[in-house]
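Single-structure report; data block below.
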Amino acid sequence: QPLCSQCPQQKDCRALALGEVAALPVKEKSIKKTHRWFFYFIVETGDSVLIHKRLAGDIWENLYEFVLHEMPGDEVPDTSRLAPILKKVFGEPVKIKTISTVFRQQLTHQQLAGQFITVSCDQIPATLRQYLPVKKSSLGDYPFPRFISNWLQQGGQGGQLF
């Protein structure tokens, strides 16, 4: 409730003069936050993992990431149903080594959540030939988004072994 009778600005107040005190100030629209779910696949081939650089026009432009499968929503998907996702991403059988706990990051307009799934392949799958194989020990030489850096800072651990 405005206290117009006590306000030192009342003689200059346009809202009071026009009788629009209850309507002003106009509230800004609240920001609609989108929820995104990421499955990041850490594809191990020998002592290397696959990464690629994100393209221009993206919130993480020129930063690197692992193999990504994105889904809408913030609910933790049932990881026991990964088979169709693995088939879509890899096109061939892979061995799941670990699945991390859920990681989260809040951005201005987005809430990110996801898990890191380490898989092992004898060779780079044909569906991922555009990715760069990098020695695990060299990952610190590449800039990653904070979402991935948080996982790397924990040693790339924090998951169930399979």
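The values are calculated or read from the model by the stated rules, or taken from the named source; none is laboratory data. On a predicted model such as this, the values are computed, not experimentally measured, just so you know. Please note: Cβ atoms are built from the backbone with ideal geometry, for glycine as well, and neighbour counts cover all protein chains shown. The accessibility values were calculated without ligands, DNA or RNA, using every heavy atom of the protein model including side chains. Shrake-Rupley method; radii C 1.70, N 1.55, O 1.52, S 1.80 Å.
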**Request:** Would you mind telling me the share, in percent, of accessible area of the stretch 97-145 contributed by carbon and sulfur at probe 1.4 angstrom?
**Result:** 48 percent
**Item:** q = 0.24, 0.25, 0.28 Å⁻¹: log10 I(q)/I(0) that the Debye formula gives for the stretch 60-116, counting C-alpha atoms only
**Value:** -1.24, -1.31, -1.44
**Asked** What's the longest bit of the chain with no exposed GluC sites (Glu not before Pro), using DSSP loop states and at most 14 other Cβ atoms within 10 Å as the test?
**Response** 76-162
**Asked** What's the tally of Lys pairs in the chain whose alpha-carbon atoms lie under 19 angstrom apart, where the two lysines are 8 or more places apart or on different chains?
**Response** 8
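Mean separation of Cα pairs under 8 Å and 6+ residues apart, divided by the residue count of the chain: what relative contact order is that in percent?
Numbers: 240 pairs, mean separation 45.1, N = 162.
Rounded, it is 28 percent for the chain.
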**Request:** Put one equal scatterer on each alpha carbon of the stretch 17-162, apply the Debye formula with no solvent term, and list log10 I(q)/I(0) at q = 0.19 1/Å to two decimals.
**Result:** -1.25
**Prompt:** If you count the DSSP beta bridges with both ends in the stretch 15-117, what percent of them are antiparallel, to the nearest 5?
**Reply:** 65 percent
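What does the charge add up to near D141, with Lys and Arg as +1, Asp and Glu as -1, over the other residues with Cβ less than 14 Å from its Cβ?
That works out to +3.
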**Request:** With no solvent and one equal point scatterer per Cα, compute the Debye intensity ratio I(q)/I(0) for the stretch 76-162 at 0.13, 0.14, 0.16, 0.26 Å⁻¹ and report its log10, rounded to two decimals.
**Result:** -0.52, -0.60, -0.80, -1.42
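Just the accessible area per residue of the chain, please: how many Å² with a 1.4 Å probe? Before the final figure, lay out each step's value.
Values: 10610 Å² over 162 residues.
Accessible area per residue, the chain: 65 Å².
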**Request:** Ignoring everything but the protein chains, give the 1.4 Å probe accessible area of T108 in square angstrom, nearest 10.
**Result:** 90 Å²
**Request:** For the stretch 1-82, report the convex hull volume of the alpha-carbon atoms normalised per residue, in Å³, without decimals.
**Result:** 224 Å³
**Asked** Expressed as a whole number of Å, what is the distance separating the alpha-carbon centroids of the stretch 7-38 and the stretch 47-99?
**Response** 43 Å
